[in-house]
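Here the structure is laid out as C-alpha cells; the discussion comes afterwards.
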Amino acid sequence: MRAKRPGNGRGNSSRWPPFFGLLPRPERSFVLDALRTETVGGTILLAATAAALIWANSGWGSAYESVREAHFGFGPLDLSVHEWASDGLLAIFFFVAGAELKRELVVGELSTVARAVLPVVAALSGMVIPALVYGLVATSGGGTWNGWAVPMATDIAFALGVLAVVNTHLPSALRAFLLTLAVVDDLGAIIVIAIFFTSTINLAALGGAVLGLGLFYWLHHVRRVRGWYWYLPLAFAIWALMYTSGVHATVAGVALGLMLRITRRGSHDPHRKGTAEHIVHLTRPVSAGLAVPLFALFAAGVSVSGDTLAEVLGSAEPLGVALGLALGKTVGIFGGTYLAARFTRAQINPDLAWADVLALSLLGGVGFTVSLLIGELAYPDPAHAEPIKAAVLLGSLAAALGASVLLKLRNAKYRRLYEAEAEAEAETDADTDAETGTETEGDE
C-alpha cells in the first residue's frame, strides 16, 4: 500500500477524481496514456465527426436531432445536449489550452520577447488574413461580414493528429512551432468569442464569476490547497456564473487554466511535474476522450449532399469560410512567419526549412472544433448555420489533405537524409575499425 504524501494541513489530496477509475489499474493506465497522444485523440475526434455525419444523414436523422435538442438541467442551466457539449464540455478543452498557454508564457516559447515574436506574429497574421479572405469573398458575392471570425481558429487536436500520423523523420521543431502557434491561436479565439459574441451582460453573475476566480487563486496560490473536492465544485460554480452572465462559458475554462501554478525550471526537482503540468496530465484524457469528441458528435451532424456542396461553393459566406481556412490560413501563417524573420531579429529554428513552414501553414487551416463553435455563435439560426458548418468541414478537409501531401514529401526527404547520414557514419566506423586493426597487426 502506497503511503500518502504528507500534507500541510490545507488539504490532504493532490489527486483529481479518477474519471476512468472503474477500469482496472493496468487497463486504466493504458487508456489514459493513449488518450494523451495526439494520434489517438485526433482519431477519436475524427471517428466522432464521421459518426455525426453518418447519423445525421441516415434514416435516423430525426433521432439525431431529437437527442441533440433534448434538454436537461435546472433553472438557467436547463440546456440542450448540444449546449451542454458546446458550452460545458468544451470548457474543459479550453481549460487545457489555458494551462498550456500559461506554461508557454512562463517557461516556454513565449517566455521571452525574442522567442515569442515569430509564433505570435504567425498566429496573429494567421487570424487576420483568413478573416480578410472571408470578407473579400463574402462581400464581393453580396454576403455580409457575419462569419469573419469562423476561419480564424486552428484545431490543435486535429492538426497535431495529422502531424503525428505523418511524422517519422520530421524535425521535432515542427511540432513545437505548431503547438506554440496553436496556443496563441486559441487565446485569440477565446478573446474574439468573449468580445464579439457577448450581446448582453448580467453584471451580478459576472461579478460572482470574478469573485469565484479570486477564490480559486487564493486557494491555489496562497493557501496551496490540494484537494480536488475543493476545486471541482468551485470550477462548476464559476462556469455556471460565467454562462449566466452572458459571456461565453468557455472563457471560464481559459481563465482557470491561466491561474494554475507553473514550476519554473531549476526551482524544484527537475524530474517532478509542476502543478499545472500534473493537472493537465490528468485532465487531457477527459478533454481528448470525452469533451471534444462529444462536442464534435453534436456539432458536426450536417446534411452532406450535392445540394449542400453546391450551396457551399455557390454561396458567398460559406465559400468565404472554406477559402479562409484552406487559403487564408496558409497565406497568413507563412506570410507572417516570413515577414517576422525578414524584418525582425526573430529566426525560424535552424532545423526547419521554409518548405516545412509552408506545410505547417497549410496544416493550420484545419479549424474544425473552434471554427464550428464560432460558426454557431455567428449564425444562431440553424438554417444559416448548416452551410457554414459544411464549409468548415470542407475547408478543414482540404487543408488536412494538402498538408498531409506536403508533409509526406518533406518526411520522405528527411528520411533519405537520415539514411544517407547513417550509411556515411557506418562507413566511417568501418574504415576506423579497419585502420585500427591494421595498426594493431603492424605493432604485433
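Computed quantities for the displayed model
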| item | result |
| --- | --- |
| Test set (1) outside any helix (DSSP H, G or I); (2) within 20 Å of the chain's Cα centre (by Cα) - ASP87 fails condition number | (1) |
| TYR338 in a helix (DSSP H, G or I), free of Cβ contacts under 8 Å to residues at least 24 places away in the same chain and surrounded by 14 or more Cβ atoms within 10 Å (Cβ to Cβ) | yes |
| Subset of region 368-388 [free of Cβ contacts under 8 Å to residues at least 60 places away in the same chain and charged (D, E, K, R)] | ASP381 |
| Members of region 168-194 that are farther than 30 Å from ALA355 by Cβ, surrounded by fewer than 19 Cβ atoms within 10 Å (Cβ to Cβ) and modelled with pLDDT under 90 | ALA194 |
| Total residues in region 121-136, condition closer than 13 Å to THR337 by Cα and either in a loop (DSSP other than H, G, I, E, B) or in contact with a Lys or Arg (Cβ under 7 Å, 6 or more places away or on another chain) (or both) | 1 |
| Of all residues making up region 358-380, the number that are assigned to a helix (DSSP H, G or I), within 18 Å of PHE94 (Cα to Cα) and of a type outside the set (Val, Ile, Thr) | 7 |
| Condition met for GLY253 (at negative phi, at pLDDT 90 or above and in a helix (DSSP H, G or I)) | yes |
| Residues of region 90-120 that turn out to be part of a helix (DSSP H, G or I) and more than 22 Å from the chain's Cα centre (by Cα), as a count | 2 |
| Flag if GLY320 is modelled with pLDDT of 95 or more and surrounded by fewer than 18 Cβ atoms within 10 Å (Cβ to Cβ) | no |
| Check on VAL81, touching a Lys or Arg at 6+ places or on another chain (Cβ under 9 Å) and buried (at least 17 other Cβ atoms within 10 Å of the Cβ) | yes |
| All positions within region 341-368 that are among the β-branched types (Val, Ile, Thr) and either under 30 Å from TYR379 (Cβ atoms) or surrounded by fewer than 18 Cβ atoms within 10 Å (Cβ to Cβ) (or both) | THR344, VAL366 |
| Where GLY161 falls short, out of the listed (1) small (Gly, Ala, Ser); (2) in a loop (DSSP other than H, G, I, E, B); (3) surrounded by 16 or more Cβ atoms within 10 Å (Cβ to Cβ) | (2) |
| Answer residue from region 256-275, given it is outside any loop (DSSP other than H, G, I, E, B) and surrounded by fewer than 23 Cβ atoms within 10 Å (Cβ to Cβ) and is modelled with the lowest pLDDT among those | THR275 |
| Pairs, first under 12 Å from ALA99 (Cα atoms) in region 280-296, second among the β-branched types (Val, Ile, Thr) and surrounded by 23 or more Cβ atoms within 10 Å (Cβ to Cβ), C-beta under 8 Å, six or more apart | VAL280/VAL96; THR283/ILE92; THR283/VAL96; ARG284/VAL96 |
| Region 51-74 residues that are closer than 16 Å to LEU294 by Cβ, paired with ones that are basic (Lys, Arg) and outside any loop (DSSP other than H, G, I, E, B) (beta carbon under 9 Å, 6 or more apart) | ALA56/ARG68 |
| Members of region 144-167 that are among the small types (Gly, Ala, Ser) and modelled with pLDDT under 85 | ALA157, ALA159, GLY161, ALA164 |
| Some residue of region 391-407 being crowded, with 23+ Cβ neighbours inside 10 Å, within 22 Å of ILE190 (Cα to Cα), small (Gly, Ala, Ser) and out of contact with any Gly (no Cβ under 7 Å at 6 or more places or on another chain) | yes |
| Some residue of region 385-396 being among the acidic types (Asp, Glu) and not in a helix (DSSP H, G or I) | no |
| Residues satisfying the stated conditions in region 240-261, i.e. closer than 21 Å to SER86 by Cβ and either of a type in the set (Lys, Arg) or over 20 Å from the mean Cα position of the chain (by Cα) (or both) | ALA240, LEU241, MET242, TYR243, THR244, SER245, GLY246, VAL247 |
| Which listed residue is outside any helix (DSSP H, G or I) and over 27 Å from ALA346 (Cα atoms), from THR168, THR139, THR154 | THR168 |
| Residue satisfying all of: in region 195-221; surrounded by 15 or more Cβ atoms within 10 Å (Cβ to Cβ) and not in a helix (DSSP H, G or I); farthest from the chain's Cα centre (by Cα) among these | ASN202 |
| Residue within region 54-69 that is small (Gly, Ala, Ser), under 25 Å from PRO285 (Cβ atoms) and modelled with pLDDT under 95 present | no |
| Matching residues, region 88-110, being surrounded by fewer than 20 Cβ atoms within 10 Å (Cβ to Cβ) and out of contact with any Lys or Arg (no Cβ under 9 Å at 6 or more places or on another chain) | LEU105 |
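For every residue, the table says whether it meets (1) over 27 Å from THR263 (Cα atoms); (2) out of contact with any Phe, Trp or Tyr (no Cβ under 6 Å at 6 or more places or on another chain).
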{"residue": "PRO130", "(1), (2)": "yes, yes"}
{"residue": "GLY135", "(1), (2)": "yes, no"}
{"residue": "SER140", "(1), (2)": "yes, yes"}
{"residue": "ALA149", "(1), (2)": "yes, yes"}
{"residue": "ALA153", "(1), (2)": "yes, yes"}
{"residue": "PHE177", "(1), (2)": "no, yes"}
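The values are calculated or read from the model by the stated rules, or taken from the named source; none is laboratory data. Keep in mind that what you see is a predicted model, and the values were worked out from it rather than measured. Please note: Cβ atoms are built from the backbone with ideal geometry, for glycine as well, and neighbour counts cover all protein chains shown.
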